[in-house]
Amino acid sequence: MEVKASLKHLRMSAQKVRLVIDVVRKMPVDPALDQLKFINKLATGPVAKLIKSAIANAVNTYNLEQSNLYIKEIRADEGVTLKRWRPRAHGRANAIRKRGAHLNVVLAEIKESGAKKKKLAKTAEPVKLEKLVKDGEKKLVKKSSSKSSDKVQKAAGEKTKMFRRKSA
């Protein structure tokens with residue numbers, strides 16, 4: 001069973017991210033996350049978050065065990081490059097390329113568990129407008145009949161009280 005997760009438009013060059021992902025490729029997920037804690041690169045944060053997302057997909061969607069997963073494939077592709085300009089001497093301009101990356105990870109099981117189907121999410125039955133209208137009309141009829149019977153009981157029973165203030 002393979003589980004996928006992706007991160008699009010990371011504002012970091014793919015070359016810098018590849019330095020980190022080359023370390024954790026083909027590792028089980030728990031040791032890979034531990035390894036990422038000790039690498040002194042800024043790319044470890046997004047990579048760790050992506051791996052945790054893939055683990056959550058596997059555990060919550062397919063009921064797989066976290067300890068039985070390893071990183072089968074992880075790659076960093078180039079994303080969008082933002083082009084900016086820096087002023088230089090004599091009216092010239094130099095280009096600045098702010099690079100981006102797209103990350104993809106595929107987790108697989110170390111030992112096959114046989115789980116192939118997704119968990120089915122239970123959804124409520126859709127509400128039909130005709131049913132809402134009928135229920136609303138029934139409630140209005142009940143309320144109007146109960147209001148008229150309340151007025152009859154008050155008139156026959158006790159008088160309505162006005163504000164009574166204590167005089168000094």
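What to note about this one:
- Checking every one of the trypsin sites (Lys or Arg not before Pro) in the stretch 38-99 against DSSP loop status and a limit of 12 other Cβ atoms within 10 Å picks out ARG88, ARG92.
- Label positions at LYS128 and HIS90, each projected 7 Å from the Cα along the C-beta direction, are separated by 8.0 nm.
- Taking other C-beta atoms within 10 Å as the exposure proxy, ILE71, ILE96, ILE39 rank ILE96, ILE39, ILE71 from fewest upward.
- Residue exposure sequence - THR61, THR123 - by fewest surrounding Cβ within 10 Å: THR123, THR61
- Sites ALA115 and ILE39 - FRET efficiency at Förster radius 30 Å, r taken between beta-carbons, to 0.05: 0.40
- A straight line joining the Cα centroids of the stretch 73-119 and the stretch 43-66 runs 18 Å.
- Entries in LYS52/LYS98; LYS26/LYS111; LYS37/LYS117; LYS4/LYS72 that, when Cα-Cα distance is taken, lie over 22 Å: LYS52/LYS98; LYS37/LYS117
- In units of the compact-protein estimate 2.2 N^0.38 Å, the stretch 18-154 shows a Cα radius of gyration of 2.06.
Since every read-out is calculated from the coordinates, none of them should be taken as a lab result. Note that the coordinates shown come from a computational prediction; the quantities given were computed from them, not determined experimentally. Cβ: placed from backbone, ideal geometry, glycine included. Neighbour counts: every protein chain shown.
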